[in-house]
Amino acid sequence: MKHPLAELYDGHDEIQAEIDRRFASQPAPDAPGKPAADAPAGTVERHHPKRLRLVVGEIRAETADTRTYRLRREDGQPLPPFLAGQYVNVFTDGTSRPYAIASSPSWHVEYYELTVRRVPKGRISNLLIDTLAVGDRLTTTGPMGTFHHNPLFHGDDLVFLAGGSGVAPAMSMLRAIAEQGRDAACRIHLVYGSRHADDVIFRDELAAIAATHPDRVRVDHVIGGLLTAETINELTGPLRGRMVYICGPQAMYPYALEQLTLLGHPRRRIRFEANGAPARPEAQPHWPAGADGAEQVTVTACGTRFRTPRNRPLLDALEDQGIRPEAACRSGECGMCVVRVVSGETHTAEEGRLRMADERFGYTHSCVAYPLTDVEIEV
């Protein structure tokens, strides 16, 4: 069945004609050699499962406030493959949080490693660190996300600016490069900022990889300082169009973008992993003037009415009421938590990647949408 919005897209007629042509050329359902009807669905589920049941096989203390959890599939089967830099969304305590996979991708993935740091008022990170034990079960999504190395578009000369636990996806990339043969072309320069020397995660392994692969991996630490334009230039040299990945605390993103812009680095060669909704949406330039973020408004959804502050993401507010839309990235990118605004006005943070059709028909990403007035939401 054709999607009702399909005709709004450029090139619809040509694409629909190609679909019709391919459909007409397929053998009849009972023809010899015709794949079983559920074969495509089984393949999709095997490589892109909606949910995974994982068991904690090992826990490592990386720093005083950081743990790495090695997770295997409950049924002992191989895990779906992933690309270095992707994440899984962990479901617990009535909500979910995405965590980057820090382990290396490989053809036969036996485990995922998630590295979690304790954060002030961090609901899920702190809960995992305080309660998760070897043998415990976790439910996650399959691997997701677009924050990964794509050699076709990103090239093979990379820079990664990491802060705090934002080093986790970089660790997966470095481990992948370390496993490649000597003829592999990819090179990566990690510039890793930490507040204190004791906060550095993966310190020994980072040093070992850099020492073993000096021609392809370089690691520089910046302790107690900012990743200023001067520091970046001093460590990496001229960026010359190299792809720059950035992952760390939210405050790092606008600052790093400003510093890279000062260096003349083009925005299209910078990739961010957003790591959640903005902590202070009112601080973004397009937040409506005069709208008090702490003031409460009424939300109506799924037959329930409740009050919530303007500056609380709709997704969080819905989950507080036991209404749980499907969600994954929680930072406006994946679009899985999309809802329709039936009435009232919402504000979408800069992180929200809405399509033209979303805005035209009233859809928004609830993880980075905020109710400015009383609103009715269709989940």
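The values are calculated or read from the model by the stated rules, or taken from the named source; none is laboratory data. Everything numeric here is computed off the predicted structure, so don't read it as measured data. A quick note on method: Cβ atoms are made from the backbone with ideal geometry, for glycine too, and the neighbour counts reach across all protein chains shown. Surface accessibility is based on the protein's heavy atoms, side chains included, excluding ligands, DNA and RNA. Shrake-Rupley method; radii C 1.70, N 1.55, O 1.52, S 1.80 Å.
Just round it to a whole percent: the fraction of Cα-Cα distances in the chain exceeding 26 Å.
Percentage above 26 Å: 59.
Simple spin-label model, 7 Å along Cα-to-Cβ: C302 to R60 in nm?
3.9 nm
Have a look at H148, H347, H108 and tell me which one the Gaussian network model of the chain (Cα, springs below 10 Å) gives the largest fluctuation.
Taking springs between Cα atoms under 10 Å, the residue moving most is H108.
Please state, to two decimals, what the Cα-based radius of gyration of the stretch 260-379 comes to when divided by 2.2 N^0.38 Å (N = residues).
Ratio of Cα Rg to 2.2 N^0.38 Å: 1.09.
Please find, in a Gaussian network model of the chain (springs between Cα atoms separated by less than 10 Å), the residue of V167, V368, V217 whose mean-square fluctuation is greatest.
Highest fluctuation of the listed residues: V217.
Per the Kirkwood definition applied to all pairs of different Cα atoms, how many angstroms is the hydrodynamic radius of the stretch 315-356?
11.4 Å
Using bins 5 angstrom wide from zero, how does P(r) for the stretch 49-148 break down, in % of all Cα pairs?
Each 5 Å bin holds this share of Cα pairs: 2, 14, 25, 28, 19, 10, 2, 0.
T43 to D292: extension gain in nm, 0.36 nm per residue of separation minus the Cα-Cα distance?
84.7 nm
Solvent-accessible area of T212, probe 1.4 Å, all protein chains present, reported in Å² to the nearest ten, please.
About 90 Å², ignoring ligands and nucleic acids.
Contour minus end-to-end for F153 and R267, with contour as 0.36 nm per residue of separation and end-to-end as the Cα-Cα distance?
Result for the pair: 39.6 nm of gain on full extension.
Got a number for the accessible area of T298? Probe 1.4 Å, square angstrom, nearest 10.
So the heavy atoms of T298 present about 20 Å² to solvent.
Taking only C-alpha pairs under 8 Å that are 6+ residues apart, what is the relative contact order of the chain in percent?
In percent, rounded to a whole number, it is 12.
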